[in-house]
Every structure is written in C-alpha cells, then in structure tokens.
Amino acid sequence: MLWNSLPWLWLVVCSAYAQDLHRIVLLGLPRAGAERMHVFFTCHGVQSLHYCCDGQDAFPCATCGECLHAEWSHKNPNAWQACAPPSSSLTVWSRFDVESTDPFGYFLPQHFALSLLLDDETLFICNHRSNWPYGISRWHSMTQRILASFGRQENMRVTVPQYRARRKKAAARQFHVWLEESIDQQDKRLNVTMTSLREIDEQHRSHVRANVKDYPLVAWNVDVDEPPIAQLQRYFPQMEWKASCWKGMDGYDEGHLIL
C-alpha cells in the first residue's frame, strides 16, 4: 500500500495545478511540527499564518481558527480569502484550530471539518511526527484538550491518602508508602494517556487517508525533522529553498507528562 510507505509526513498535491496553487494547508494535529514549517516558509518570504490572522505574532490576536469557524458557520465558500490578509501570492495556513472552554477541547478543522478544506487549489501537508504522543504530552492543557476533543478525557489527578501518625518514624514510613502509591498511580495514568494519544494519532491519519484518496492528487513523503527542500523544488522550481531556514524547535523531540 502506498500509504504504508509514508509513516511520518504525507504531502498531498495536485501536480496538474501546482502552478496555480493559492495556498498550502497543514493538516497535522497540534504540536506536529506546524511552527517549524511556519518558520521555514516565513524565512523564504512566503506569507504564513500560524494561529494569528491579523498581523500579530502571538496571542492576544484575532485567530485564524475563529475567523474560519465563523465564515464556515455562515456557509461562506470563500472562507480562506475572507480570513487571509490581502495578498496576491501563495499563503501558508499552518495552524487554525480553535480552543473552546465549554466544552473544553479543540475544534480541529483538519479532522472534524476536513471536507470543507479539500479543493484543487490547495497543497495539503499532513505534518506528522513519529514521536508526536510524547511531544504533546509535555503540554498538560493541550493533552487534555486533545483527549477531550476525541472523547477520551482522562482523570489525571493523583489521589492523596489521608494519614495521621504521632511519631516521626511512623509518619516517615507512611509518607514513603504514599509516595510509592502516587508514583504508581501516575505511571498507570501516563500509560493510559499515551495509549489514547497513539490511537488518536492513528485515527487522524486514517481519517485523512480516507478523505484524500478520491482526489486526483500525488502523494510524496517528507520527514518532518528534515527540510523538505527537494520536494518543494519539484513543485516550486522558481524558489530557492534554503536548508538554513529549517530551524529546530526546542523541546519537541522528547517529552514526558507534566501533572
């Protein structure tokens, strides 16, 4: 199977329309290398929108996700154009999720509204990291939002037993017992969380595969931890892509759950 040979990152592009592309849209889940791709394109002078769509660099700002959600809710077929700053050139959409508080979670168009994104004027990048579950688990609130969005909310609180001891030695023994029990609880919950994150990762990848398979697209493989220069030069030969623009993002490669 073609898709089995693309374990880390799929780039789906309609090569017949390569010269007429209006935008590049990243379809990966949060913390799957979108910021690295954003920095890479921005370094080359390509307009890239990462979270903010009002010209700001960081929150507080008018977010791309909120704008797109509002336009789609009003059934605007030109939502991309309505939310992007005026530009006659190619635009990269690297992050456009929406954080919600009630219910607590994410609105992820790249998963829950994927059909609204698909057209022949867009180059799609499904940015995926093989160690994505470990990377995102370093961010407690994001982990909880992802789990909640996919109906897998986990209780991550560690139960603290109540104990009383009059003597210091007895209190110390009870403390060590409690410490071992709490570590065991944390390890068990971490295993459950990591299993859920791996399943969510595969669920999303399968969902993308199922939705793009009927499009007349060409898929090509890119390792998200390496600059996609060769692939980009194939479709954008007029650009001089530079490896120096591919910058590592600290803290993305290894991770542990922060409680």
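Rule-based calculations on the coordinates, nothing more; no lab input. Remember, it's a predicted structure, so these values are computed and weren't measured experimentally. Every residue, glycine among them, receives a Cβ derived from its backbone with ideal geometry; neighbour counts consider all protein chains shown.
Quick notes
- The calculated FRET efficiency for His207 paired with Ala62, based on their beta-carbon distance and R0 = 30 Å, is about 0.60.
- Under the simplified labelling scheme, the Gln238-Ser73 pair shows an inter-label distance of 3.8 nm, with each label point 7 Å from Cα along Cα→Cβ.
- Potential extension, Gln81-Ser141 segment - 0.36 nm per residue separation minus Cα distance: 18.5 nm
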